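*Asks:* Can you read through this structure? Questions will come right after.
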Amino acid sequence: MWHKLLSLYQRIAAKRMFSRWHESYEFDVMDNHYSAADRVAQAAIRHIAASTRNGAKGFMEEPDIADIGIGTGLLAQQLQESLPCRITGLDFTDDMMTICAQKGVAELLIKCDAGRDHWPIQGATMDMVVSAGLFEYLTKPMAQHFLKEAVRVLQDDGILVFTYMPRDESGKAVELWRGHSGTFVVCSYTPKEMEEMLLKCGLKLLDHSAPFKGSLYEDGSSYDYRLIAVKRI
């Protein structure tokens, strides 16, 4: 019951926050040196290049990529500028998706709650799934749903790249965050916990980065991310 109530609160809070935040979102993330989209884009491009060189099954000259939590398209834009690809974007905030649509970085934009809904993507059709800055909004049941759907839509040898907020064993799994755009629950995971979830879904670990700064604020405060890349086997 606790997980259901927490997940319900999180969905309402996150939707409200991003609806309020959409107009200043890109300015704010630039001003605060937000790094998740950059790091996921760099890792995605690197793994696509390596898979193509190795002749991995399922990768083509124009890979099909699902950007989950596409927002205003910051990650998708970097991918489109770096390599020919076809991007399908999922998000659940209309205002953020409107900004993304104006950029024309995705062939298809779909409104979807990625932590709860069935992703309206045909199974085994994606070469890659990417997500930047989404997992801190996903409670454990929501994260498990995300991973199962990612496995379903990925082709054999397809790759998933995403960021999450790490914590040590003594840290709190959920904490309340308050900002100018709203309040939501921050969900964090120990590296061991995250790797165990991935293993249970049949995903092979390719890369698990050291912690890096997700944002750095004017007052000197910051938070950490870690990046994970895994392969569907």
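Throughout, read-outs are computed from the coordinates displayed, never taken from laboratory work. Model, not experiment: these values are computed from the prediction. Cβ coordinates were reconstructed from backbone atoms using ideal geometry, including for glycine residues, and neighbour counts include every protein chain displayed.
*Asks:* Taking neighbour Cβ counts within 10 Å as the exposure measure, how do Lys204, Lys192, Lys140 sort from fewest upward?
*Replies:* So the ranking, lowest neighbour count to highest, is Lys192, Lys204, Lys140.
*Asks:* Still on this structure, I have one more. Taking the chain as a Gaussian network, where each spring joins two C-alpha atoms under 10 Å apart, which residue of Leu109, Leu206, Leu147 fluctuates the most?
*Replies:* Leu206
*Asks:* Order of 160-167, 18-25 by packing, highest average Cβ count within 10 Å first?
*Replies:* 160-167, 18-25
*Asks:* Enumerate the amide H contacts of Asp224 below 5 Å, restricted to partners 5 or more residues apart or on another chain; note that Pro and chain-start residues carry no placed amide H.
*Replies:* Gly214
*Asks:* How many percent of DSSP beta bridges within the chain run antiparallel, rounded to 5?
*Replies:* Of those bridges, close to 55 percent are antiparallel.
*Asks:* Which whole-number percentage describes the relative contact order of segment 2-232, with Cα contacts under 8 Å and a sequence gap of 6 or more?
*Replies:* 22 percent
*Asks:* Sticking with this structure for a sec: Would you please give the residues with an amide H less than 5 Å from that of Ala66, counting only those at least 5 places away or on a separate chain, with H modeled from the backbone geometry?
*Replies:* Thr88, Met128, Val129, Val130
*Asks:* 5 Å is the cut-off here: which amide hydrogens, built 1.01 Å from N in the peptide plane, fall below it relative to Tyr189, excluding neighbours closer than 5 in sequence?
*Replies:* Hits under the 5 Å cutoff: Met165, Arg167.
*Asks:* Still on this structure, I have one more. List the pairs from Lys140/Lys231; Lys172/Lys231; Lys4/Lys204; Lys200/Lys231; Lys148/Lys172; Lys148/Lys192 whose alpha-carbon separation is above 23 Å, in the order I gave them.
*Replies:* The pairs that break the limit, which is 23 Å between Cα atoms, are Lys172/Lys231; Lys4/Lys204; Lys148/Lys172.
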